[in-house]
Amino acid sequence: MGHWSSGAGSLSSRRSILVRAVLSARGPDGSPAEVEGWGECPAMPEPTYSADYLDGEEQVLERFLVPALLRSGVVRTEDVRSALAGTKGHHPAKASLEGALLDAETRLSGTRTADWLASRSASGGRPRERVPAGVAIGLGGPLGRLVEEVGRRVEEGYRRVKLKIRPGWDREPLAAVRQQWPALVLFADANGAYAALGPEEAAKELAPLSELGLAALEQPLGDDDLVGHARFAELTDLPVCLDEALPSVAALGSALRLGACRVANIKASRMGGYLNALSALDVCTSRGVPAWCGGMVETGVGRAANLALASLPGFSLPGDLSASGRFFAPDIVVPPLVLGPDGDLALPAGAGSGVDLDARLLDRASTRRTWLGA
Ligand code: MG
């Protein structure tokens, strides 16, 4: 993959955990049939975005989560959360198990994941067949190179760009991009990089961003600092958005009650699954809070599931949803997710997430496989 760098670390190759769930059923003629579904645990290799990291999530899956799920006998996506509730935290691992079962269950019933999610959303509505894409651009490199990269992405069709920022790298790059592309939907993501300044100083430091027409300023302060974000939001008219500080639907409720954010980043892997993400979206929709669907540099497996989630009409802002080619050449799924002429991605037509693993590429990319049977 291409090099990726944020306030939470950098990546030039991507390891990930793919979870395969197999459901046994009866075919239309009564004969036994098996259907498989895939989920992805996109924790970072090091505990820099959150306390979770890939090897830790792998161990938690093997030692605690998969055995708990098998013991529970759960075969419905809606029951996964309660079956895993005995283990605290480890949201990316929990989301990958729920995601694999969701994919298998929807394939078994011939339903698209997007339709399945929409039918369970309190806000109703049908999925959008074309979902606005967005691209995030990492830290580092000279300003000229950043502007060139944004230019390339705009040319590819992206209408929404997110820049990673940190103290000393904020107003200048954002202003340079804004000057060149006045109509671009522009986000800035600090990944908590202003935490040491505290809310008052951070608000002063980031005040010049107010004139740049940002659609979201993401996570300026620490993960655990809702009160600090509420103070920050009092001192600024910037559209404060939270990511790391929203690990759960309850945290989202607290943040909105405190006034800690005006925009929400909803990520299934951070919130422990797609159904939690759906509940979070319903909270945002009912309160008129703009929301967008975040991502974690997933392979096509997680990305297709995120696309299904992001297709729900409650998401009013374009999310971290880029084409397969943004990070991976080639991606491990077929068909790859390709950017359309209007800067959007088409929802695949097939059941489940609508994409399939390329077995040859999966073989080539696999470093370890484990099967934990019932
Ligand atoms: Mg973020």
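Please treat every number below as a calculation from the coordinates, not as lab data. Note that the structure is predicted; figures quoted are calculated from it, not measured. With ideal geometry, Cβ positions are generated from the backbone for all residues, glycine too; neighbour counts draw on all protein chains shown.
Suppose a student asked you for the relative contact order of the chain, using Cα pairs under 8 Å spaced at least 6 residues apart; what percent would you report? If you can, show how the numbers build up before the last one.
On the way: 749 pairs, mean separation 73.0, N = 374.
Averaging sequence separation for qualifying contacts and normalising by length gives 20 percent for the chain.
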Longest span of the chain, sites excluded, free of trypsin sites (Lys or Arg not before Pro) in DSSP loop with at most 11 other C-beta atoms within 10 Å?
89-367
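What number comes out for the charge environment of Met296, summing +1 per Lys or Arg and -1 per Asp or Glu over other residues with Cβ under 11 Å away? Mind showing how you got there, number by number?
Details: positive: Arg14, Lys267, Arg270, Arg303; negative: Glu40, Asp52, Asp243, Glu298, Asp320.
Net of charged neighbours comes to -1.
Quick one: how many lysine pairs does the chain have with C-alpha atoms less than 27 Å apart and a gap of 8 or more or different chains? Give me the count, please. Let's see the in-between values first.
Values: Lys88/Lys267; Lys94/Lys267; Lys162/Lys204; Lys162/Lys267; Lys164/Lys204; Lys164/Lys267.
The result is 6.
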Relative to the compact-globule scaling 2.2 N^0.38 Å, provide the ratio for the alpha-carbon radius of gyration of the chain.
0.96
Environment charge of Leu242, counting only residues whose C-beta is closer than 12 Å and scoring Lys/Arg +1, Asp/Glu -1:
-4
Under a 5 Å amide H to amide H cut-off, with H placed in plane at 1.01 Å, what residues pair with Val19 once short-range neighbours are removed?
Gly39, Glu40, Cys41
Add +1 for every Lys or Arg and -1 for every Asp or Glu among the other residues with Cβ under 15 Å from the Cβ of Ser123, and state the total.
+2
Calculated from backbone phi, Karplus (6.51, -1.76, 1.60) coupling profile of the range 207-223 in Hz, x at Gly/Pro
3, x, 6, 4, 8, 9, x, 6, 8, 7, 10, 9, 6, x, 10, x, 4
Would you give the gap between the C-alpha center of the range 45-87 and the C-alpha center of the range 304-327, rounded to a whole Å?
24
Residues with amide H under 5 Å of Ala136's amide H, sequence separation 5 or more or different chain, H placed in the peptide plane at 1.01 Å from N; which?
Lys162
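What is the range 54-163 by shape, rounded, prolate or oblate, if you read a ≥ b ≥ c off the alpha carbon gyration tensor as root eigenvalues and call it rounded for a/c under 1.5, prolate for a/b larger than b/c, and oblate otherwise? Please list the in-between numbers first.
Values: a/c = 3.41, a/b = 1.59, b/c = 2.15.
Verdict is oblate for the range 54-163.
Only Lys, Arg, Asp and Glu count, each charged at its Cβ (+1, +1, -1, -1), so figure out the dipole size of the chain about its Cα centre, rounded to 20 debye.
On the way: 39 positive and 45 negative charges, 82 e Å.
Once rounded to the nearest 20, the dipole reads 400 debye.
Scan the chain and note any complete DSSP helix (H) whose C-alpha atoms cover at least 15 Å along its axis and whose Kyte-Doolittle average is 0.0 or more.
Working: long enough: 91-109 (27 Å, -0.21); 143-156 (20 Å, -0.58); 274-287 (20 Å, 0.47).
Long hydrophobic helices here: 274-287.
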How would the range 175-315 be classified by its alpha-carbon gyration tensor: rounded, prolate or oblate, with rounded meaning a/c under 1.5 and the a/b versus b/c comparison settling the rest?
oblate
Charge-dipole axis of the chain as Lys and Arg at +1 and Asp and Glu at -1 on Cβ define it, positive-most pick from Ala176, Gly340, Gly213
Gly340
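Which value results for Rg/Rh of the range 235-374 when Rg is the Cα radius of gyration and Rh the Kirkwood radius based on the inverse mean 1/r? Can you show the working numbers first?
Numbers: Rg = 16.9 Å, Rh = 16.4 Å.
On the Cα set of the range 235-374, Rg over Rh gives 1.03.
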